[in-house]
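Some notes on the structure that comes next.
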Amino acid sequence: MNQVTAICEVIKIWFYNSDVKVRVRMRRPSFISPKEEGPFDFVTIVFPGARRMGLKLQPGQRIWVAGVLVSRDMDQPVEEVLGGEIPEQLRGRKIRFNFNEIVVLNWQSISE
């Protein structure tokens, strides 16, 4: 079954149509090998329709979320990714990015 539960800290908030999207960080569990880049893992959380409902979140806020994991692929031209001058042989090529998000079904603020 596709279920995700996370305790995380809000880093960035933005809107996409009626959804509120939130970039969060969470400490990696001690039983998983540490990352070289630091102790946190990052993910985007989607609150469907929450913009119309007036959801208020703020950076630094800690939240508990339960939801489902979804993914989507997006192809972007190399020119957009790199910017500036690029070699002729790379023009017109695309880079595929995979985005993973948690779509929230239930949540609660746990900040004091």
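I'd like the FRET efficiency for PHE31 and ASN98, computed as 1/(1 + (r/R0)^6) with the beta carbon distance as r and R0 of 22 Å, rounded to 0.05.
The pair PHE31/ASN98 has a calculated efficiency of 0.30.
Karplus-derived 3J(HN,Hα) values for the range 42-57, using 6.51 cos²θ - 1.76 cosθ + 1.60 with θ = phi - 60°, are 10, 7, 9, 10, 10, 9, x, x, 6, 5, 5, 8, x, 4, 10, 10 Hz; glycine and proline are entered as x. Ranked by how many other Cβ atoms sit within 10 Å of their own Cβ, fewest first, the residues TRP14, TRP64, TRP107 fall in the order TRP14, TRP64, TRP107.
Within the range 5-85, report the GluC sites (Glu not before Pro) that DSSP leaves as loop and that have at most 11 other Cβ atoms within 10 Å. When the GluC sites (Glu not before Pro) of the range 5-85 are filtered for loop state and at most 11 Cβ neighbours within 10 Å, GLU36, GLU37, GLU85 remain. Quick one: in the range 38-112, what % of C-alpha pairs are over 17 Å apart? Roughly 62 percent, rounded to a whole number.
Charging the Cβ of each Asp and Glu at -1 and of each Lys and Arg at +1, and nothing else, the dipole of the range 32-107 about its Cα centre rounds to 500 debye.
Where a number appears in this text, it was derived from the coordinates with a stated rule and is not lab data. Everything numeric in this text was worked out from a predicted model, so none of it was measured. Glycine gets a Cβ as well: all are built from the backbone with ideal geometry, and neighbour counts include every protein chain shown.
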